[in-house]
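The values are calculated or read from the model by the stated rules, or taken from the named source; none is laboratory data. Here the structure is a predicted model, which means the values were calculated and not measured. A quick note on method: Cβ atoms are made from the backbone with ideal geometry, for glycine too, and the neighbour counts reach across all protein chains shown. All accessible areas refer to the heavy atoms of the entire protein, side chains included, with ligands and DNA or RNA removed. Shrake-Rupley method; radii C 1.70, N 1.55, O 1.52, S 1.80 Å.
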Amino acid sequence: GNTSGGSGGGRYTFNQKAERKEKSRWTLQEWLAQKQRNHLMDLWLGMYAPSPYEFFVQGSFNTYDTKIESTATNTKQHHESFSGSVGAYATIIGVEGSYENNPGDKYNDTAGSLNLRILGNAVQSTHLILHYGLRTRYEDSSGTQVRLSQQFAGADLNLYLNRHFGLQGLYNYYLPTTNTTLGDVKAHRYEGGLFIDFKALRIYGVYFQEQEKDTNAGTETTSTRTGIQSGIKFFF
């Protein structure tokens, strides 16, 4: 009984070992099949992963008050303007251009910047973007046509609270410069507001304030523009 049981156990052990080796056996057929599955998975992920290229266009309507203060002047006027911008990104590096036409406040702006996304995998995602650029403003100052060029640096923040709704903010610091008409010029701008996304379309509204201080011949003039910017942004 022991002999037959031992040989049966031996045969059973032998069969088990053979089956285990068969299951774990490397074959060219299975390797090719696995390689094909991995390739299909990479294609699927590539279809649904964020593209390394991203573009957007934006248009906005601005309604605001301009307050001008100096030793001789203290005025406040309401104005409206339209502005737009376009941008393009390749991975984390982007460029952006913008334009604002403001006949009521007697100026127009043209700006361009180089952007670096240091947080987030896309512009249309939670992100922190640093930018550096140049803004050129053509304005009518007391009947004199003035061209004011200022370099600027800043940051743009988007924070999604859910998949379609979030907060956005921006800060620009315009480097001090000297203009023959305006004198020494310092300026900054900040924005804060909300947005909602409908697929590739974004609708947003922000509160903004832009302040410029001109010091000429010992006289300081402060211009403060405060208001609401509302607009749409399309990503593609």
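Looking at Ile129, is it in a strand (DSSP E or B) and closer than 29 Å to His164 by Cβ? Quick ask: steps written out before the conclusion?
On the way: in a strand (DSSP E or B): yes; closer than 29 Å to His164 by Cβ: yes.
When the stated conditions are applied, Ile129 passes them.
What do you reckon, is Arg163 open to solvent by 30 Å² or more (accessible area, probe 1.4 Å) and either touching a strand residue (DSSP E or B) at 6+ places or on another chain (Cβ under 6 Å) or part of a strand (DSSP E or B) (or both)? If you could, list the steps in order and put the result at the bottom.
On the way: open to solvent by 30 Å² or more (accessible area, probe 1.4 Å): yes; either touching a strand residue (DSSP E or B) at 6+ places or on another chain (Cβ under 6 Å) or part of a strand (DSSP E or B) (or both): no.
Taking the combined requirement at face value, the residue does not satisfy it.
When Ala187 is tested against (1) within 21 Å of Ser98 (Cα to Cα); (2) within 17 Å of the chain's Cα centre (by Cα); (3) of a type in the set (Gly, Ala, Ser), exactly one condition is not met: (2).
I want to confirm something. Restricting to the range 184-233 and keeping residues that are outside any strand (DSSP E or B) and within 27 Å of Val146 (Cβ to Cβ), which single residue is most open to solvent (accessible area, probe 1.4 Å)?
Ala217
Of all the criteria given as (1) at pLDDT below 90; (2) assigned to a strand (DSSP E or B), the one not satisfied by Phe61 is (1).
Residue-by-condition table, conditions (1) over 15 Å from Leu128 (Cα atoms); (2) of a type in the set (A, V, I, L, M, F, W, C):
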position	(1), (2)
Ala155	no, yes
Leu159	no, yes
Arg163	yes, no
Leu167	no, yes
Asn179	yes, no
Ala187	yes, yes
Glu191	no, no
Tyr204	yes, no
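Taken over the range 64-100, the criterion of being under 24 Å from the mean Cα position of the chain (by Cα) and modelled with pLDDT under 95 is satisfied by Thr91 alone.
Among the residues of the range 172-183, what is the count of those that are open to solvent by 80 Å² or more (accessible area, probe 1.4 Å) and either of a type in the set (S, T, N, Q) or in contact with an Asp or Glu (Cβ under 8 Å, 6 or more places away or on another chain) (or both)? Let's see the steps before the verdict.
Applying the first criterion (open to solvent by 80 Å² or more (accessible area, probe 1.4 Å)) to the range 172-183 yields 173, 178, 180.
With the extra rule that they be either of a type in the set (S, T, N, Q) or in contact with an Asp or Glu (Cβ under 8 Å, 6 or more places away or on another chain) (or both), the set shrinks to 178, 180.
Total satisfying the criteria: 2.
Can you find, within the range 115-133, the residue that is nearest to the chain's Cα centre (by Cα) among those that are open to solvent by 60 Å² or more (accessible area, probe 1.4 Å) and not aliphatic (A, V, I, L, M)? The qualifying residue nearest to the chain's Cα centre (by Cα) is Asn121. Looking across the range 134-147, the residues that are part of a strand (DSSP E or B) and over 26 Å from the mean Cα position of the chain (by Cα) come down to Tyr138, Glu139, Asp140, Ser141, Thr144, Gln145, Val146, Arg147. Can you say whether Thr181 is outside any strand (DSSP E or B) and either in contact with a strand residue (DSSP E or B) (Cβ under 8 Å, 6 or more places away or on another chain) or aromatic (Phe, Trp, Tyr) (or both), as far as the supplied structure shows? Considered against the rule, which asks whether it is outside any strand (DSSP E or B) and either in contact with a strand residue (DSSP E or B) (Cβ under 8 Å, 6 or more places away or on another chain) or aromatic (Phe, Trp, Tyr) (or both), Thr181 comes out as yes.
Within the group Thr144, Thr177, Thr181, which residue is hydroxyl-bearing (Ser, Thr, Tyr) and touching a residue at least 40 places away in the same chain (Cβ under 8 Å)?
On the way: Thr144 fails: touching a residue at least 40 places away in the same chain (Cβ under 8 Å); Thr177 fails: touching a residue at least 40 places away in the same chain (Cβ under 8 Å).
Result: Thr181 is the single residue among Thr144, Thr177, Thr181 that is hydroxyl-bearing (Ser, Thr, Tyr) and touching a residue at least 40 places away in the same chain (Cβ under 8 Å).
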